[in-house]
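The values are calculated or read from the model by the stated rules, or taken from the named source; none is laboratory data. Because the structure is predicted, anything quoted here is derived from the model rather than measured. Counting neighbours? That spans all protein chains shown, and the Cβs are built from the backbone with ideal geometry, glycine included. In case anyone asks, the SASA skips ligands and DNA or RNA and just uses the protein heavy atoms, side chains included. Shrake-Rupley method; radii C 1.70, N 1.55, O 1.52, S 1.80 Å.
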Amino acid sequence: MKLFAKWRKSSAAAPKGDVPLVAEEAPVAAAVVQEEDPFGLNRKILVVDDNTVVLKAFELKLAALGFKVLTATDGSMAVSCARKETPDLIVLDINFPPDVGSSGLQWDGFNIMHWLGRFNEVADIPVIIITSGDPSKLRARALAAGAVAFFQKAD
């Protein structure tokens, strides 16, 4: 498709007085027509955090990059969503208040990673830990539990 082609008159091929228009593609214009796919196209990320503001911020930023963003606010939702949707990556908070969740279990990021490891279909999904907790106490434990990265949230 030559939507952005440059048009010129061809004087060599046509007799005088009968000058057809010939399309000549410009290399720069072709690059404009073929937009690159968004980085996150066909990729899913599950974000697990009890803070809805954090979830929304991740959702807005990642969706803008083309990712399909899944969210969960507690451990049982996270495990269920991961098994159903099989995301390409999980961004996981460590700390959850005691009253979060309906399963009766006291969920935290470590328990969620442990439960994910029990199911073959999701055991190998990379997990990035995000937390506002003390990194000196949590980083080594998170990486030992199988996280691929650890980031501290700003207060």
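Which one is surrounded by the most Cβ atoms within 10 Å (Cβ to Cβ) among residues in region 130-151 that are of a type outside the set (Gly, Ala, Ser) and assigned to a helix (DSSP H, G or I)? Within region 130-151, the match that is surrounded by the most Cβ atoms within 10 Å (Cβ to Cβ) is LEU138.
Taking the criterion of being under 22 Å from ALA144 (Cα atoms) and open to solvent by 50 Å² or more (accessible area, probe 1.4 Å), would at least one residue in region 76-95 satisfy it? Checking region 76-95: at least one residue is under 22 Å from ALA144 (Cα atoms) and open to solvent by 50 Å² or more (accessible area, probe 1.4 Å). Counting only residues that are at pLDDT 95 or above and of a type in the set (Ser, Thr, Tyr), region 53-77 holds 1 of them. When you look at ASP124, is it loosely packed, with under 13 Cβ neighbours inside 10 Å, over 16 Å from VAL54 (Cα atoms) and under 17 Å from the mean Cα position of the chain (by Cα), yes or no? Answer is yes for this residue. Residues in region 35-75 that are in contact with a helix residue (DSSP H, G or I) (Cβ under 7 Å, 6 or more places away or on another chain) and in a helix (DSSP H, G or I): GLY75 only.
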